[in-house]
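J.: One structure, as structure tokens, below. Some questions next.
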Amino acid sequence: MKHSIFQSPKLLVLLPLLASAVACNARYSNAAFHLPRDGNPVRGKEAFAELGCTGCHYVSGANPADSEARPGLIVLGGTVDRKMTDAYLVTHVLDPANGITPPSQARIATAGQPRMPAFADRITVRQLTDIVAFLQSHYQLRPMPPETWYQ
């Protein structure tokens, strides 16, 4: 009678450990998390306004009539040195306190807490997917000048 390796009790104990080790490494990869690709920037802009985001945020290029953000608004979008990942944007929508640095604390926090409410209980997955698509459409990656290219 043949004995399958999947029937081994030792392997059954090791498989979950191996799977968790692989999953832990995926946590830190930019490619590990992404939202569905069907996000709609137009619906995202509408959800951004409906949820009150425009009260504190200005999205660069979203409203051509508004050439500049009002003072005090936090500017999103524009030219960046690193690609904004879905994971980064989702994290900051659902948990705004994540990664608040001391220099920005005074501007965006009151008594050490972000002024922006956490949206984990206030937003649908569809709204989140669409808002991320909207924001992603307003970030442009700064091209690297040839003198900084790696060989």
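The values are calculated or read from the model by the stated rules, or taken from the named source; none is laboratory data. Fair warning: this is a prediction, and the values are worked out from it, not measured in the lab. Here the Cβ positions follow ideal geometry from the backbone for every residue, glycine too, while neighbour counts run over all protein chains shown.
J.: Residue 129 versus (1) surrounded by 14 or more Cβ atoms within 10 Å (Cβ to Cβ); (2) at pLDDT 90 or above; (3) over 11 Å from the mean Cα position of the chain (by Cα): which is the lone unmet condition?
T.: For residue 129, the exception is condition (3).
J.: Search the stretch 77-99 for residues that are closer than 24 Å to residue 63 by Cβ and pair each with any residue that is in a helix (DSSP H, G or I) when their beta-carbon atoms are under 6 Å apart and the residues are at least 6 apart or on different chains.
T.: Every condition considered, the pairs that remain are 86/132; 89/132; 89/135.
J.: I need the full set of residues from the stretch 34-68 which are under 17 Å from the mean Cα position of the chain (by Cα), charged (D, E, K, R) and surrounded by 11 or more Cβ atoms within 10 Å (Cβ to Cβ), in order please.
T.: Passing the criteria: only 45.
J.: I'm told residue 71 meets every condition in (1) farther than 20 Å from residue 125 by Cβ; (2) loosely packed, with under 10 Cβ neighbours inside 10 Å; (3) modelled with pLDDT of 90 or more except one. Can you identify the failing condition by its number?
T.: (3)
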